[in-house]
Ligand SMILES: [Zn+2]
């Protein structure tokens, strides 16, 4: 993806710390602010665990720079400019490529990928990004089942999480599902999810747990039944298969 070192340097000068700017852009992207809709300061503050006043401050700075990464208006919220969207998707591409590399090549445990990628995603060079992608055979999906944006800064077709996917925690009644993707944000959850054999692309048979608020699940062809808490079920996205 094309973002010259030149731009990076300019951004660092005008907007302060690249790392925190990137995290703002990613959070806005995640909350849907790359589309027509705008993201509220409250939602953004929640996602970033930062005080709303600091968020407002940062957005004013970002929106006021010569090539703004965001469009921000008081009371209307914020969305990404096209330059902001490009950068956000580039950072997401870095993140997901790094996670895939750590997992497949360096044998990192699944629950350690995210934290390492959060650190490295801001700093890898274009060359390094291309080398990783080539080494991995230009993967489209990361180990958590999330689509890796293309070199051109677009989400590939059949983007995952799929639009028709739902949270396992929102499943009502029994059914058979395909596992779409798993949130990468909670290491503890990731460990228990992997221990149940839940991986993207696998089949999942689900019924409401009789004993608790959670779910009883079986994956693939295994006959072993696992119990998942509601909380862990919030980190798993699934797509229902027709009966
Ligand atoms: Zn991650």
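The values are calculated or read from the model by the stated rules, or taken from the named source; none is laboratory data. What you see is a predicted model; the values in this text were computed from it and never measured. Here the Cβ is made from the backbone with ideal geometry for all residues, glycine too, and neighbour counts use every protein chain on show.
Key figures for this structure:
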{"read-out": "Single condition residue 78 does not satisfy, out of (1) within 15 Å of the ligand (Cβ to nearest atom); (2) outside any helix (DSSP H, G or I)", "value": "(1)"}
{"read-out": "Residue that is nearest to residue 87 (Cα to Cα), among those in segment 148-170 that are touching a helix residue (DSSP H, G or I) at 6+ places or on another chain (Cβ under 8 Å) and either assigned to a loop (DSSP other than H, G, I, E, B) or within 16 Å of the ligand (Cβ to nearest atom) (or both)", "value": "153"}
{"read-out": "Test for residue 210: is it outside the structural domain of residue 87 (by TED's automatic domain parsing), loosely packed, with under 15 Cβ neighbours inside 10 Å and under 21 Å from residue 94 (Cβ atoms)", "value": "no"}
{"read-out": "Test: residue in segment 195-211 that is in a helix (DSSP H, G or I) and either on the phi > 0 side of the Ramachandran plot or modelled with pLDDT under 95 (or both)", "value": "yes"}
{"read-out": "Failed criterion for residue 143 (all others in (1) exposed (fewer than 14 other Cβ atoms within 10 Å of the Cβ); (2) in contact with a helix residue (DSSP H, G or I) (Cβ under 6 Å, 6 or more places away or on another chain) hold)", "value": "(1)"}
{"read-out": "Long-range neighbours under 6 Å by Cβ, at least six apart or interchain, first residue in a loop (DSSP other than H, G, I, E, B) within segment 96-109, second within 13 Å of the ligand (Cβ to nearest atom)", "value": "108/102"}
{"read-out": "Residue match in segment 53-65 (condition: touching a strand residue (DSSP E or B) at 6+ places or on another chain (Cβ under 8 Å) and under 27 Å from residue 138 (Cβ atoms))", "value": "no"}
{"read-out": "Criterion: buried (at least 19 other Cβ atoms within 10 Å of the Cβ), assigned by TED's automatic domain parsing to the domain that holds residue 118 and either in contact (Cβ under 8 Å) with a residue 24 or more places away in the chain or farther than 30 Å from residue 116 by Cβ (or both) - qualifying residue of 62, 48, 31", "value": "62"}
{"read-out": "From the options 235, 227, 184, residue that is closer than 24 Å to residue 111 by Cβ, modelled with pLDDT under 95 and surrounded by 21 or more Cβ atoms within 10 Å (Cβ to Cβ)", "value": "184"}
{"read-out": "Residue identified as surrounded by 15 or more Cβ atoms within 10 Å (Cβ to Cβ), touching a residue at least 12 places away in the same chain (Cβ under 8 Å) and under 15 Å from the mean Cα position of the chain (by Cα) among 166, 148, 132", "value": "148"}
